[in-house]
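Down below is the structure, laid out as structure tokens.
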Amino acid sequence: MDQFLFFLVAFLAVASAVYFVFARNPLYAILSLIVTMFSIAGMYILLNAQFLAIIQIIVYAGAIMVLFLYILMMLNLNKADESKKNNTLKFVGVFTAGILLVGVLGVFRGVKENHVVLDNVDRGVGLTKNLGKLLFNEYVLPFELASILILAGIVGAVLIGKKDL
């Protein structure tokens, strides 16, 4: 079952990333990038790295993609296309959302409490404590070099953005 879920999430990630590259509409491209970020978070969950999955969702799918969508909406690139929209697409969207709602309600209705006893599971994999120990013991030099690189990027962005220093 885990292998099937991995292949499903991996296919979704690759398909949405390819659609991002070839999409003509920038709004659809950004939405497909959000799907890609969520599917990568799903892969982290399958790898039992819940902390990385939550950070992936909060930082990338949440903050950065909302920023991209906000900038795209502020630019309003499709002013000429607004008058050409018909009601068929709206009906299809409402119909699809209704089918999705019925499916989600069916899933929640069929959920039962299953208690599985797992004796030989390593409970330390994917925890924040282990990630911190590994990051600050074994990988402390790359971590600090990455922080210096980010600091240099911030200073460079301020220098480029500021007219008079």
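The values are calculated or read from the model by the stated rules, or taken from the named source; none is laboratory data. Keep in mind that what you see is a predicted model, and the values were worked out from it rather than measured. Virtual Cβ from ideal backbone geometry, glycine too; neighbours counted across all protein chains shown. What goes into the accessible areas is simple: the full protein's heavy atoms, side chains included, and nothing from ligands, DNA or RNA. Shrake-Rupley method; radii C 1.70, N 1.55, O 1.52, S 1.80 Å.
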Taking the residues in segment 112-154 that are part of a loop (DSSP other than H, G, I, E, B) and at pLDDT 85 or above as candidates, determine which candidate is farthest from the chain's Cα centre (by Cα). Glu138
Say whether the condition of being at pLDDT 80 or above, of a type in the set (Ser, Thr, Tyr) and under 24 Å from the mean Cα position of the chain (by Cα) is met by at least one residue in segment 89-96. yes
Name the residues in segment 34-51 that are of a type in the set (Val, Ile, Thr), at pLDDT 90 or above and open to solvent by less than 40 Å² (accessible area, probe 1.4 Å), would you? Thr36
Taking segment 1-33 and keeping only residues that are touching a Leu at 6+ places or on another chain (Cβ under 8 Å), crowded, with 16+ Cβ neighbours inside 10 Å and farther than 21 Å from Leu67 by Cα, one is left with Val9
Out of all the residues in segment 4-27, which are among the hydrophobic types (A, V, I, L, M, F, W, C), under 22 Å from Leu72 (Cβ atoms), free of Cβ contacts under 8 Å to residues at least 24 places away in the same chain and not in a loop (DSSP other than H, G, I, E, B)? Ala15, Ala17, Val18, Phe20, Val21, Phe22
Any residue that is of a type in the set (Ser, Thr, Tyr), modelled with pLDDT of 75 or more and out of contact with any Phe, Trp or Tyr (no Cβ under 9 Å at 6 or more places or on another chain) - is there at least one of those in segment 69-77? yes
Find the residue count for segment 28-51, including only residues that are assigned to a helix (DSSP H, G or I) and either touching a residue at least 40 places away in the same chain (Cβ under 8 Å) or among the β-branched types (Val, Ile, Thr) (or both). 9
